[in-house]
Structures are given as structure tokens and as C-alpha cells.
Amino acid sequence: MIYVDIKKRILELTKQINQANYEYHTLDQPKISDQSYDQLLKELIELEELNPEYRYEDSPTQKIGGVILSSFTKVKHQIPMMSLSNVFDENELRSFDERIKKVVSSFSYITELKIDGLAVSLLYENGLFVRAATRGNGSIGEDVTHNVKTIKSLPLKLNEPVDIEVRGEIFMPHKSFKMLNEERLNEGEALFANPRNAAAGTIRQLDSNVVSKRNLDLFVYTIVNQMDYADTQEKALQYLSHLGFKVNPNYQKVFGIESLIETIHQYDIIRKRLPYDTDGVVIKVNEFSLYENIGYTAKFPKWATAYKFQAERVETILKDITFQVGRTGVITPVAELEPVLISGSMVARATLHNEDYIKHKDIRIQDTVLVHKAGEIIPEVIEVVLSKRTDQKPFVMIEKCPICQGEVVRKEGEADHYCINPDCPGKSMYGLIHFSSRQAMDIDTLGEKVVETLHDLGYLNKISDIYHLKEYKDALKDLPGFGDKKIYTLLKAIEESKKQGFDRLIFGLGIKHVGSKVAKTLTKFYASMDALRSAKLEDLQSIPEIGPMIAQSVVNYFQNETNLTQIEELQTLGLNMAIEKIETIESPFTGKIIVLTGKLGLYSRDEATEMLEKLGAKVTGSVSSKTDLVIYGEEAGSKLVKAKELNVEIMDEKTFKEIVDGLH
Ligand code: IVH
């Protein structure tokens, strides 16, 4: 291919993918299939890698992440990011309207949903996105450009080449929030309390790869120096849409206080069906020319206010505080409530998060409390109705595990308490459920309920007990609901699970922070349990996808005697303790870490990878000082350059083929 063509193709792909992003994430009207999208993106990534000089400033490949900062830079807002006054009911809203009518007579309002996220200011120069900053204290925020770039609906290039600063709200949609918390539960990490906290925690990540996976979104609602672009908020919103921003479509123009009140009631209905959190309606005078006259206080404009929705909060009695023991030993206090109906469902239990949360809110057993659903999802105790307190005693955190009576400790720098007894049956029950779960050993007949029953009856305490169940076949028959057929399929599935892959077993062991993806990565570098057991901290850390926290957790796991005994038992029982033995052929590549780059013409990437693995090599994606060899094809780019810089051995594809052919 000649260079001109490559450049043209890169431009074509950039435009096509940006358009597809816009249709999918901003308009919510996808026109091409996910598969075609992935294909186009893959092609662009490859072409840009080989021809970095042709990468466009608005290239969609930037949305994938890839930037890791060591700290955040401060940004001074030229025009401060103000906040809004609040009104909580109809009367306060009427007073707001009266105050405005004292100053101006003829005007309209624009109502917008108040998105519950965090404010961000976005700077564009010549139509190109250059910087994003958080609100901070209103005058000074933090530069979060690297993270905001990963938001799919953010236009990297506007439809006009304007110099403009706009502001909006970054939020986490319910779907992303649910997925994130499920994943955290899976990995034994503390959960985010609500989508707003999750969004705020995400935008403060130094590693934009993490952000890119969490699917944040963004609505834009204000232009800084708005009068240069429009004369009303309505036109400003239309102009923002025209530029390519995602503008919340639920805005309305209203005249007069009565229509305003009616409109707000409508919002309170529609907001419950939205896939993201809103906490009110922002009401703005529509005509910019009136703003100076109406004026400002030190903190907020007098021409706007936020009507805050009454989140559905319900009073009930906190009957007791119990404690749940998670798979990693984390102990979560739970409020046992007099059941109440909240946002359409009965709630009898609510999270109390941790000791600090309870102490900070001074929540006590037998208190009357207010409960709501955080992010319309997780029931949470918000506060105590102190006027109803009588002689309740202050809460004291438990010192012994509620299940095994073992020691409970609070780790330094963490808010959570942990049961440190590795044999705790509480942990073990969740551990057993996790072990047999679909992503782990996939023993589908050994679901949560069955594990619970067999655990309560004492048949299952530790993982290896699963494989001893067959010895109790007759006793099982006496259990209610356990017929011959059920027992047969259960025992058969258990026996078959012994053949599951080594990576599933590692994931199933429930090592803290080792999710199924990490487990797979580990097996690439440690082909057997013996190898993994003796892995050194530094070696683990040098694997690209393994951070220090995961590495430490793996090392800790294998330092624990109980864990080692368990693994030995599983080995004796015949579980898969190594990756499928690929018959490796001794070769010059055996034991080497190899990177493939450029266009291979003699083999496909997959063929070359498979072949190298058969020859005992590990194939990885990025070049580092750990790399032993880089095999390159045509038009190889940055990876080859890096290999030369690092003095890593390089080999062209032809030589590689000659060596391979020589082996047969
Ligand atoms: S306008 C002068 N419009 O609410 C203030 N804010 O309490 C301009 N927010 O900091 C803000 N949705 O983070 C505006 N449609 C919307 C909004 C909105 C959410 C947030 C924003 C702001 C806070 C004000």
C-alpha cells in the first residue's frame, strides 16, 4: 500500500468511527453492528500503530485509555464554576419566582433535569477538545483530560472550529454501576454506595484504562461566555447539540409559575424511568440579557435554582444489626428492618456499609430510621429520626466473627473489618458458592441453595469436601428434595468439574483480587500450580496486567498453610493443576517472552502465536525490558523502535520461518 492511501484510509476510519460513536452514544440510534464497529476500530488501531504520524487529533482510539498519570495537575477556572441555590417545595419555588418578578417582567424559564453526577468544564480550541477539569472548590479544579477522553459520547472534534468552554455533568448510568459493583463483589472489593460516588471515584483514577472500562457518560448544559453564542438558554442548548454534544433531551420552555409547578410534577414521574440518577430540576431564566439585572450572590446566580426532589425516604424501625461475612472475610453490618415499601418494593434489610458509617450517623438498634434506595437500587439507612430516640445504646462493633468466633481486625487505612480465620465457615460457604459458580468450576447443579443446605448440615465446609460428597450418597437421599436423580446429576457434575481448565480452578480458589481475567493471565506465565505457588512478588508484578495489590494477594495466599493443604488435597483428588499440556518442542524460542509486531505475511497472528506457544514461548502484547525477542513483519512501527531502544533482540518474519522450518 502506498503512503497516500494509508493516510486516506486513516482519515476515513477516524470519521466513520467518530460518527458511529455519535450515533450510538449521543443519539442512542446505532446504525452499524457492534461487530462492524469492532472491526473498523481494530483496523484503525493497527494502522495508527504502524503509522503514528498519520494519527488525527480527534482519533477515536484515544477513547480506549492508555494514559497513566502519577498525580493530577491543578486548573484555575477563568470563570468560576458556581453552584445553585436549592428549593425543596412549591412555596419556596413561588418565592424564587416572586424575587425574579420584582426585577424583570417579561421572561420565560427553561427547566432541565438535574443530573446526579459531578460537574466538569470542557475546553475546545479550534473545535478540538483540549482539556477537562473538575469543579474542585469552584475556582481551582483538577485536570482530568485523560479520563474524560475515554467517555464515548464526548466529541473530540466539534462540528464548528470554535474556541469554546462548556460545562456539564459526568455520571454513571445504572447499568454501568450495576456491572461495576457486581465485578467488585466478584473480586472481593468494597462496593460503591451509589452511582454518584462511583462516578466521582472513577474520574479521580490516575489510570485511564480503568476509566475507559467503567462506561461513564456526560450531558452538557452550559456554555461559558454564553452570550457570545446565543441569547437564550434554549438556543444555547440547541447550539450545544449542533456542535455534537450530548444534551439531555428533557428540557422544556415554560411561562409562568403555575406551568412551572406542573412541569416539575411531570419530571418527578418521568425521572423514575430514566437509566441514570437525577436529584432535581434546574430552573433557569431563559433570556441571557436579563441575567445582569437579576444578579448573583457570592455563591450562585439569582436567575436559577434547583428544585430538589424528595427522594423516597421511608421511616421504619431498625430491629437489629447483623453481620455478613463475605468470601474474602470482609464483614458488612446489615440493618434488619421492620419491612417497608420503598420505590415499589418491600425492603427488610439495608446496608450499613461499615463501622464508620454507623458511628458517623450514630445509628443504634431500636432507632427509628429513614431508609431510601441509593441510586434507585441499593436500600440504605440515611439517618436516625432523633426525635424518636429513647434509651437506645450506642453501637459497638463486634470483635469476634459472628460465624466462627475468630478474631476480627480492621486493616490500617481501610474502613472495613475482616475475619482473619482462614477456616471460617462463613467465608467458606461463600467460597464454596464461588468455587462452583459459572465462571469458575461451573458445577451448575451445585447452586447457592444446595451449597447452603449442605453447608448447614455439615457436609460442605471446605472446597475439597465437594469431591467427598459421593461418600455420603446414601445419607443425602434422606434429605428433603434430594431424590435419586438429583443426587446422580449432582455427583456426576462434580466429578466432571475435575476436568475444568487450570485457570478456572485458580479463579475458583477465591484469591482476593484475582478475577477470572487475572486468573487466565496468571496461567500464561505460570503453567502449573507448583510454578504459581513459588512465584516471586517481583516476577508477578512485572506481568503487564498484574498490579502490586494483586501480586501481593497471590503471594499471601500461598503463604497460608490452610490454603496449601487444601491445594494438596485437590491435587490428590485429581483436579487440573496445570494448563493443558501442549506438547512443547524444544527450540531456540523455548522459555522466551516474545512480542509480534507489524504485518506478518507468512503466518496469521494467531498461527504465529500458537506456533510459538507450542515451541515453549510466551507471547505478550507490549515491549518492555522483560521482552526477550521481537519478531517483526512489514511496516512495523513503535514496538520495533522500542525494542531497538531497549536493546531487545529482533528477528524478521522470514528468519523466524526458516528456524521453524528447520525444526521439522
Ligand atoms: S447549571 C451556575 N444544569 O448541579 C450553576 N447544573 O448545584 C450552573 N447539575 O454544579 C449549573 N444538572 O454539577 C446545571 N442541567 C443542569 C445540571 C446541573 C446537574 C449540577 C452541577 C452543578 C450543580 C449545582
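Based on C-alpha pairs under 8 angstrom that are at least 6 apart in sequence, the chain has a relative contact order of 9 percent.
Test of understanding: what is the full-extension gain from residue 599 to residue 105, defined as 0.36 nm times their sequence separation minus their Cα-Cα distance? Walk me through the numbers on the way to the answer.
Working: separation 494, 0.36 × 494 = 177.84 nm, distance 6.98 nm.
In short, 170.9 nm is gained.
Among the listed pairs 101/253; 498/626; 178/492; 42/76, a Cα-Cα separation exceeding 27 Å is found for 498/626; 178/492; 42/76.
Given R₀ = 30 Å, what would the calculated FRET efficiency be for residue 493 paired with residue 569, taking r from the Cβ atoms and rounding to 0.05? It would help to have the intermediate numbers written out before the result.
Numbers: r = 20 Å, r/R0 = 0.65.
With R0 = 30 Å, the Cβ-Cβ based efficiency is 0.95.
Length available on full extension from residue 561 to residue 262: 0.36 nm per residue minus the Cα-Cα distance, which gives 100.9 nm. Projecting the Cα atoms of 419, 390, 406 onto the charge dipole of the stretch 384-428 (Cβ charges, centred on the Cα centre) puts 390 farthest toward the positive pole. If you roll a 1.4 angstrom probe over the protein chains with everything in place, what fraction of the accessible area of the stretch 502-602 belongs to carbon and sulfur, to the nearest %? With neighbouring chains kept in place, the figure for the stretch 502-602 is 53 percent. Projected onto its three principal axes, the C-alpha set of the stretch 301-424 covers 60, 35, 27 Å, listed from the longest axis down. Applying 1/(1 + (r/R0)^6) with r as the Cβ-Cβ distance of residue 341 and residue 404 and R0 = 35 angstrom yields a FRET efficiency of 0.45. For the stretch 213-268, the square roots of the Cα gyration tensor eigenvalues, ordered a ≥ b ≥ c, give a/c of at least 1.5 with a/b no greater than b/c, which places it in the oblate category.
Counting heavy atoms of the protein chains only and a 1.4 Å probe, report the per residue accessible area for the chain as a whole number of Å². Value for the chain: 51 Å² per residue. Label sites at residue 334 and residue 486, each approximated as a point 7 angstrom past Cα along Cα to Cβ, lie 2.3 nm apart.
Each helix, a run of at least 4 DSSP H residues, gives -39500 (n - 2.57); summed and divided by the residues of the chain, these come to -10500 deg cm²/dmol at 222 nm. Assign one of three labels to the stretch 435-484, namely rounded, prolate or oblate, based on the Cα gyration tensor with a ≥ b ≥ c the square roots of its eigenvalues; rounded applies when a/c is under 1.5, prolate when it is not and a/b is larger than b/c, and oblate otherwise. Because a/c hits 1.5 or more and a/b exceeds b/c, the stretch 435-484 counts as prolate.
Modelled this way, with points 7 Å down the Cα-to-C-beta line, the labels at residue 197 and residue 160 are 4.2 nm from one another.
If you scale each eigenvalue of the Cα gyration tensor by 5 and take the root, what three semi-axes come out for the stretch 168-324, rounded to whole angstrom and sorted largest first?
Working: eigenvalues 236, 100, 41 Å².
Its equivalent ellipsoid spans semi-axes of 34, 22, 14 Å.
At an R0 of 56 angstrom, the distance between the Cβ atoms of residue 651 and residue 274 translates into a FRET efficiency of 0.50.
Backbone phi angles across the stretch 292-300, fed through the Karplus curve with coefficients 6.51, -1.76 and 1.60 (θ = phi - 60°), yield HN-Hα couplings of 4, 5, 6, x, 9, 9, 5, 9, 8 Hz in residue order; Gly and Pro are listed as x.
With the charge dipole of the chain set up from +1 on Lys and Arg Cβ and -1 on Asp and Glu Cβ about the Cα centre, the Cα lying farthest toward the positive end among the listed residues 594, 369, 66 is that of 369.
Entry note, the stretch 413-504: relative contact order of 27 percent, from Cα contacts under 8 Å with a spacing of 6+ residues. The distance between label points at residue 442 and residue 362 comes to 5.5 nm (points 7 Å beyond Cα on the Cα→Cβ vector). One Cα centroid belongs to the stretch 11-83, the other to the stretch 326-340; the line between them spans 41 Å. The smallest convex shape that holds all Cα atoms of the chain, its convex hull, gives 200 Å³ per residue. Among the listed pairs 31/639; 152/284; 359/388, those whose Cα-Cα separation exceeds 30 Å are 31/639. In the stretch 531-664, the inverse of the mean reciprocal separation of distinct Cα atoms equals 17.0 Å; this is its Kirkwood hydrodynamic radius. Taking max minus min of the alpha-carbon positions on each principal axis, the stretch 108-201 gives extents of 46, 35, 27 Å, largest first. In this model, which of 149/644; 599/642; 373/427 are farther than 22 Å apart at the alpha-carbon? Too far apart for the 22 Å limit: 149/644; 373/427.
In square nanometres, what is one fourth of the surface area of the convex hull spanned by the alpha carbons of the stretch 541-610? Intermediate values should be presented prior to the final figure.
Numbers: hull surface 30.0 nm².
Dividing the Cα hull surface by four gives the mean projection, 7.5 nm².
Taking the mean number of other Cβ atoms within 10 Å as a proxy for protection, how do you rank 63-73, 519-529 from highest to lowest? Walk me through the numbers before you get to the answer.
Numbers: 63-73: 13.5, 519-529: 19.4.
Those peptides, ordered most packed to least, come out 519-529, 63-73.
The values are calculated or read from the model by the stated rules, or taken from the named source; none is laboratory data. Computed from a prediction, not measured in an experiment: that's the story for all the values here. Here Cβ is always computed from backbone atoms with ideal geometry, including for glycine, and neighbour counts include all displayed protein chains. Note: accessible area is taken over every heavy atom of the protein model, side chains too, but ligands, DNA and RNA are not part of it. Shrake-Rupley method; radii C 1.70, N 1.55, O 1.52, S 1.80 Å.
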